[in-house]
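What follows is a set of notes on a single structure, which appears directly below.
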Amino acid sequence: MPAPKDPIKRAEWIKKFSEKLRGKPKSEEHRRKMSEAHRGHRGIPKSEETRRKISEAHTGIPLSEEHRRRVSEGQRGKVLTEEHKRKISESQKGRHPSEESRRKMSESQKQRQINEKNKKKK
């Protein structure tokens with residue numbers, strides 16, 4: 001049965017058909033073909049203006065604790081190349097932490113030293 005031409009009916013048809021096939025086991029050949037079909041697809045190219053608007057829309061939106069935890073876990077164990085490390089270093093040169101940041105770092109280090117002393121006593 002071909003998909004309807006009417007956009008509303010077509011969307012409903014696609015959703016219904018998609019739900020019908022969801023969870024159905026696929027052969028190794030079918031999976032390979034799907035993989036090849038999606039290779040290189042990165043969505044519709046976006047102009048610089050569109051990318052800027054998307055960036056502005058997302059700026060300032062706080063991330064949930066769950067999201068932050070998952071991002072953190074995804075970054076763990078990542079190995080950086082020497083060039084990448086050098087670029088990070090260059091970008092941070094000349095930056096100075098604010099008084100508030102310095103205070104927080106100081107408190108964190110003091111707490112860390114206390115914890116290490118307590119571990120040694122045990």
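Listed values, structure above:
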quantity: GLY23 vs. criteria closer than 30 Å to PRO4 by Cα, under 19 Å from the mean Cα position of the chain (by Cα) and either of a type outside the set (Phe, Trp, Tyr) or surrounded by 10 or more Cβ atoms within 10 Å (Cβ to Cβ) (or both); calculated: no
quantity: Selection count, segment 17-33, where residues are in a helix (DSSP H, G or I) and at pLDDT 90 or above; calculated: 6
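The values are calculated or read from the model by the stated rules, or taken from the named source; none is laboratory data. Because the structure is a prediction, the values reported are computed rather than measured. When we count neighbours, we look across all protein chains shown, and the Cβ atoms used for this are built from the backbone with ideal geometry, even at glycine.
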